[in-house]
1. How much length is gained on full extension from Asn133 to Glu88, taking 0.36 nm per residue of separation minus their Cα-Cα distance?
2. Provide the per-residue ³J(HN,Hα) series for region 70-85, in order, calculated from phi with Karplus coefficients 6.51, -1.76, 1.60 and θ = phi - 60°, each as a whole number of Hz, with x at glycine and proline positions.
3. Within a Cβ distance under 10 Å of Thr45, other residues only, what is the Lys/Arg minus Asp/Glu net charge?
4. Out of residues 5 or more away from Trp60 or on other chains, whose amide H comes under 5 Å of its own, with H placed 1.01 Å from N in the peptide plane?
5. May I ask which of Lys99/Lys137; Lys93/Lys119; Lys11/Lys119 have a Cα-Cα span longer than 25 Å here?
6. Residues with beta-carbon under 12 Å from that of Leu134, excluding Leu134: net charge, scoring Lys, Arg +1 and Asp, Glu -1?
7. Given a 1.4 angstrom probe, what's the average accessible area per residue across region 68-154, in square angstrom?
8. Of the listed peptides 143-149, 84-90, 95-101, what is their order by residue-averaged count of other C-beta atoms within 10 Å, with the highest listed first?
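The values are calculated or read from the model by the stated rules, or taken from the named source; none is laboratory data. Every value quoted in this text rests on a predicted model; they were computed, and no experiment measured them. Ideal geometry is used to build each Cβ from the backbone, glycine not excepted, and the neighbour counts take in all protein chains shown. Each accessible area value is taken on the protein alone, full model and side chains, heavy atoms only, with ligands, DNA and RNA left out. Shrake-Rupley method; radii C 1.70, N 1.55, O 1.52, S 1.80 Å.
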Amino acid sequence: MKNITNEIAEKVLAHFESDEVKSFVEVTEKAADADTGTFEVVITTENLDRYQEVISMNGWDLEHYLNNPVVLWGHDHNNLIGVCTSLEIIDGKMVAKGKFAPTEEGQEKRKLYDAGFLKATSVGFIEKEREGNLITKAELLEFSFVSVPANPYALSLAMEKGLN
């Protein structure tokens, strides 16, 4: 989980609105699933995370994210590795489905994901409202595949479903 300041968020949003990023998302969305690989992951839950925070599932603002649903590696805004094609809340978990990018980096991460080595995710967001350690409103900017997530329950669903 990466909570960023409004100043940084403005820069990130401007980058995500660039023609380069929009073109990347369009090409990735059009790629055949078999060509680039797909994923299904939990990106956040209402469990207490390693920062001792909880984000309310009812408090997520997804509007801008869904207009440009980028998937990054390690919250690096210059390292797009995929696109989110579906986002829904199931049993108190925010579940994302998507495609890996038809790039060298995207396909490297796909191989690690398919082999079961890369299975954790993390959300990048702007905190809007809080009550103690409960974040009641947050705007989703991106989610990333990461080595170690802030939320230990933000994991690939392939293992849960017994897929390899």
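1. Numbers: separation 45, 0.36 × 45 = 16.20 nm, distance 2.39 nm.
Fully extending the segment from Asn133 to Glu88 adds 13.8 nm.
2. For region 70-85, the Karplus-derived couplings read 7, 10, 10, 9, x, 6, 8, 5, 9, 10, 7, 10, x, 9, 8, 9 Hz, x marking Gly and Pro.
3. Working: positive: Lys93; negative: Glu46, Asp49, Asp91.
With Lys, Arg at +1 and Asp, Glu at -1, the neighbours total -2.
4. Amide H neighbours of Trp60, under 5 Å, 5+ apart: Ala138.
5. Values: Lys99/Lys137 28 Å; Lys93/Lys119 15 Å; Lys11/Lys119 28 Å.
Result: Lys99/Lys137; Lys11/Lys119 exceed 25 Å.
6. Around Leu134, the charge tally is -4.
7. On the way: 3650 Å² over 87 residues.
For region 68-154, the solvent-accessible area averages 42 Å² per residue.
8. Working: 143-149: 19.7, 84-90: 14.1, 95-101: 21.7.
Sorting 143-149, 84-90, 95-101 by mean packing, highest first, produces 95-101, 143-149, 84-90.
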